[in-house]
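Quick notes on the structure that follows.
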Amino acid sequence: MPRKYIFITGGVVSSLGKGLMLASIALLLEKKGFKIAMLKLDPYLNVDPGTMNPFEHGEVYVTDDGIETDLDLGHYYRYTHAPLSRASTATSGQVYDTVIKQERRGDYLGKTVQVIPHITEEIKKRIVHCGDQADAEVVLIEIGGTVGDIESLPFLEAIRQFRYERPNDCLNLHLTYVPYLKAAGEVKTKPTQHSVQTLRSIGIIPDMILCRSESALELPLKKKISLFCNVPTDCVFDAVDVETSIYEVPLKMQAQGIDNQICEKLGLEKRVADLSEWKKIIEKIKNPKGSVTIGIVGKYLQHKDAYKSVFEALTHGAVAEGYTLNLKTIESDKITSEKCLEGCDGFLIPGGFGERGWEGKILAARYCRENKIPFFGICLGLQVLIVEFARNVLGLTEANSTEIESQTNAPVISLLSEQEDVEDLGGTMRLGAYPCLLKEGSRVHQAYGTTTISERHRHRYEINNKYKKLAEEKGVTFSGVLENGNLCEIAEIDDHPWMIGVQFHPEFKSRPVEPHPLFHQFITAAIDGKNS
Ligand code: GLN
């Protein structure tokens, strides 16, 4: 059976949830037993989103092989088991970079290098490569942006050509918005018609239209969309706003039979996708035993996607315990006193960069340590935990991270190149998966149930080993170290119900059906604290 390709494009407006929709469809195919791969094509010119402000772009998701990518790969991870790597993402920046380097090397033998065919060839190559890497039966590809954007044109042209070359093996899905106009008292299909017209004018004829709307579309409306957009009525699907959880989307899509339609159109064997695990999750979400409130102390909180994976991983932990998660977002630069922190069962300080809000985070860590409130520090959050402990327990009143104060006389967090006794690994970012050894009997060992783990990193600064012994004497257990023992990756406060910091980003590896052990243990501690 030749490999099959499913493309999704978006129309009318951005933020319709193409990534989530594609991940849901991917899950359905995976549950039918097909080997899948997923690829995100982003039209922007940045080579990767690593340097983009979270306000611009939301979270930067990191893969095992250390690639900084779009947050949609987080959805792909949470819904499926598609392998995610360098091959799962490409931006215009990367594509142009490759082509221009080839041009400089003289690979085009004096030819004029053009968007068509050279850029489009490179895009097509990456689609094939993604499937090859995963040895996939079905590759699902998301084209970022909205149809009609100038910058997505080369991608659309590439997928047009791709299908022309493989007419029986491709499927085009188009996700659009069908708004309800209050003034007219009607649902409007015109924007969808225009968006499909635009697609068709560049030679892409969608096979299925997914209509994002507030409520399900009635048959006459579906018939209208069908007629005007040249798509059979049974290929017009509702993508209704979900009531309780984004994890309902696969169930809603399965109920409409989209997975079987896809198999039919691509000539894939029709099998049943067993979503019983997912149904259980939704049942739990709909019938909670209680609620748990977690305070997130960060500085990009106005952007709802800046800590996307953290929010999701916390939700997974809460759902595993049958609880609803209440998130309380606390802007760290607004924390002036402990009053700002009242009313939470636990606190989490996520990753971050730079000085703004730093002291507020230290205050939050102190409040949690002294009041024995569960505290989870991730990456920068671990560094906060260490600095707070050094200042207020070790008596190093001026302790700091050199990221915040380069001349501090107690650099408890610093660049490796600034530390003595450690081999200089340079000042660049540590990215991607590293193995970590856990201390027997520690809380983290109990959580993971194993002593060797692998987690993903994205940071420059490290715990300074010079202060390790002193901290251990005063009540910190460094329960996770880099495999060679050189770097501390996890710190637990001994005399505390649950105060743990980790140098890596566990949030990237949590699924609703496989909650991350640390998030699960943290939430359990918060619930225990609340109920005690
Ligand atoms: N800014 C810190 C560092 O570079 C933490 C980074 C992060 O939290 N991702 O080490």
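Assorted remarks:
- Calculated [θ] (222 nm, deg cm²/dmol) that DSSP helices of n ≥ 4 give over the chain, each run adding -39,500 (n - 2.57): -10500 deg cm²/dmol
- Straight-distance crosslink candidates among lysines, where the alpha carbon sits under 27 Å from residue 111 and sequence neighbours closer than 8 are dropped: 101, 124, 125
- Percent accessible area from carbon and sulfur atoms, the chain, protein chains only, probe 1.4 Å: 49 percent
- Cross-link pairs beyond the 26 Å C-alpha cut-off, checked among 361/530; 280/509; 466/530: 466/530
- Compared with the dominant Cα axis of the chain, that is its longest principal axis, helix 276-286 is turned about 60°.
- Sequence-distant aspartates and glutamates (8 or more away, or on other chains) whose Cα lies within less than 18 Å of residue 265: 30, 137, 165, 169, 207, 234
- Accessible area per residue, Å², the chain with all protein chains present, probe 1.4 Å: 41 Å²
- Degrees between helix 358-371 axis and first principal axis of the chain (Cα, 0 to 90, nearest 10): 60 degrees
- Compactness of the chain, expressed as Rg and Dmax over alpha-carbon positions, Å: 24.8, 75
- The angle separating the long axis of helix 18-31 from the principal Cα axis of greatest extent in the chain is about 90 degrees.
- Note: relative contact order over the chain, using C-alpha pairs below 8 Å and six or more positions apart, is 15 percent.
- Of all aspartates and glutamates in the structure, the ones whose alpha carbon falls short of 13 Å from that of residue 299, not counting any fewer than 8 places away in one chain, are 59, 331, 333, 355, 359.
- The value given for the stretch 229-373 is a Kirkwood hydrodynamic radius of 18.4 Å, derived from the mean inverse Cα-Cα separation.
- One Cα centroid belongs to the stretch 164-203, the other to the stretch 310-381; the line between them spans 42 Å.
The values are calculated or read from the model by the stated rules, or taken from the named source; none is laboratory data. These numbers were taken from a predicted model, which means no experiment stands behind them. Ligands, DNA and RNA are excluded from the accessible area calculation, which covers all protein heavy atoms including side chains. Shrake-Rupley method; radii C 1.70, N 1.55, O 1.52, S 1.80 Å.
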